[in-house]
Amino acid sequence: METYEGNPSYASSCFSNTMANSGLAWSTVTDCSAKEASAVQNQGALATPQHDYVPWVLVEGTLLSNTNLLLQSICKAYTGPAPASCKRLYSTNEKSLCMA
């Protein structure tokens, strides 16, 4: 649906073409966007600290300015046994480049 962002007339046909077998009704989507979206966004805003942009990613309370380094930053900060994703990361030669 992002392909037609800004042109709501395409939303219904896009939904029909891509979500026909999902079991989700188009009316559920439109009801949510018309009635619930603003309330959900407001609740989310109230539940998070003030920020300048999104995604506003904090790892151990420190702003991560390059979100492409999310996994590396989490693995570096984590003190328990390394999860499989961190082990794969550390088994490459990129560790010194990504973790610097």
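The values are calculated or read from the model by the stated rules, or taken from the named source; none is laboratory data. Everything quoted here is computed from the prediction, not taken from an experiment. For neighbour counting, all protein chains shown are included, and Cβ atoms are generated from backbone atoms with ideal geometry for every residue, glycine included.
Remark: pairs (first residue in the range 12-30, surrounded by 12 or more Cβ atoms within 10 Å (Cβ to Cβ); second residue outside any helix (DSSP H, G or I) and not β-branched (Val, Ile, Thr); Cβ separation under 8 Å; 6+ apart in sequence or on different chains) = CYS14/MET1; PHE15/MET1. Name the residues in the range 13-34 that are modelled with pLDDT of 85 or more and part of a loop (DSSP other than H, G, I, E, B), would you? Within the range 13-34, ASN21, SER22, GLY23, LEU24, ALA25 qualify.
Could you look through the range 72-90, keep only residues that are loosely packed, with under 12 Cβ neighbours inside 10 Å and not basic (Lys, Arg), and pick out the one that is nearest to GLU60 (Cα to Cα)? Looking at residues that are loosely packed, with under 12 Cβ neighbours inside 10 Å and not basic (Lys, Arg), I get ALA77.
Specify which of the listed residues (VAL54, VAL59) is in contact with a Ser or Thr (Cβ under 8 Å, 6 or more places away or on another chain) and of a type in the set (Val, Ile, Thr).
Numbers: VAL54 fails: in contact with a Ser or Thr (Cβ under 8 Å, 6 or more places away or on another chain).
Answer to the selection: VAL59.
Cβ-Cβ contacts under 6 Å between residues 6 or more apart (or on different chains), taken from a first residue in the range 58-84 that is under 20 Å from THR48 (Cβ atoms) to a second residue that is of a type in the set (A, V, I, L, M, F, W, C) and modelled with pLDDT under 90, are absent. Would you confirm, using the coordinates I've provided, whether ALA39 is exposed (fewer than 11 other Cβ atoms within 10 Å of the Cβ) and part of a helix (DSSP H, G or I)? Yes; evaluated as a whole, the condition is true for this residue.
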